[in-house]
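Worksheet: one structure, shown below.
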Amino acid sequence: MSSDLAGVWEVALSDGVHRIEFEHGTTTGKRVIYVDGKEVLRRDWMFKLVGKETFNVGQSDTKATINIDAVSGFAYEYTLEINGKSLKQYMENRSKVTSTWLLNLDGSDCRIVLEKDTMDVWCNGEKMETAGEFVDDGTETHFTLGEHTCCVKAVSSGKRRDGIIHTLLVDGTEIAECME
């Protein structure tokens, strides 16, 4: 990393939390983007100092764009967009379409993410093999983590505004959902 570091963002996706770092050399026009410490884009000697750079993040190749805007004189503002939305809008929408649980199993930390639209379950960046079934009060999506049996229960809240409530059970014990 050079002294041209202009922006750092943390982006939570289903396959994990990714760190995006952006270097902008305002004298040389250099632009470098790192995702999780790996260089994914480099442009040297750009004569236009403003503009945008688009790249992919994560296993699902989520589209990300860094916008470079002149604020005044030689000051610049850098904003990150994910799938065409500002990072703030993306994270607000993401909390509606995913549920996330953080827990420690057998001494290791697990980040479990449920994608509500597809019912896909991810654990520490790996898409889990699941089996879904309909039950009297909703659905259950079963999977295993090591020797542990896990189940995501989806039941109606009974209130149209609240919609469906998703609950994670590990070995029969309910795990509290976390807000990212």
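The values are calculated or read from the model by the stated rules, or taken from the named source; none is laboratory data. The structure displayed is predicted, hence computed values, not measured ones. Please note: Cβ atoms are built from the backbone with ideal geometry, for glycine as well, and neighbour counts cover all protein chains shown. Ligands, DNA and RNA are stripped out before the accessible areas are found, and what is left, the full protein with its side chains, is counted by its heavy atoms. Shrake-Rupley method; radii C 1.70, N 1.55, O 1.52, S 1.80 Å.
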Projected convex hull area of region 94-175, Cα atoms, direction-averaged, in nm², equals 5.6
Residue span S156 to R43: 0.36 nm per residue of separation minus Cα-Cα distance leaves a gain in nm of 35.6 nm
The answer for the chain, accessible area per residue at 1.4 Å probe in Å², is 59
Under a 1.4 Å probe, counting only protein heavy atoms, V35 has an accessible area in Å², nearest 10, of 20
As straight-line cross-link partners of K116, the qualifying lysines (C-alpha separation under 26 Å, not fewer than 8 residues apart within one chain) are K63, K85, K88, K96, K127, K153, K159
In whole percent, the fraction of accessible protein surface over region 94-175 that belongs to carbon or sulfur atoms, probe radius 1.4 Å, stands at 48
So D136 and Q59, fully extended at 0.36 nm per residue minus their Cα-Cα distance, gain in nm 24.2 nm
Amide H contacts under 5 Å for L145, restricted to residues at least 5 apart in sequence or on another chain and with H modeled in the peptide plane, are C150
With a 1.4 angstrom probe the carbon and sulfur portion of accessible area for region 5-92, in percent, totals 50
Residue span T26 to D106: 0.36 nm per residue of separation minus Cα-Cα distance leaves a gain in nm of 24.0 nm
Rg from C-alpha atoms of the chain, normalised by the globular rule of thumb 2.2 N^0.38 Å, equals 1.28
Any trypsin sites (Lys or Arg not before Pro) in region 123-166 that lie in a DSSP loop and have at most 15 other Cβ atoms within 10 Å would be K159, R160, R161
On the formula 1/(1 + (r/R0)^6), with r taken between the Cβ atoms of L5 and N124 and R0 of 41 Å, the FRET efficiency rounded to 0.05 is 0.90
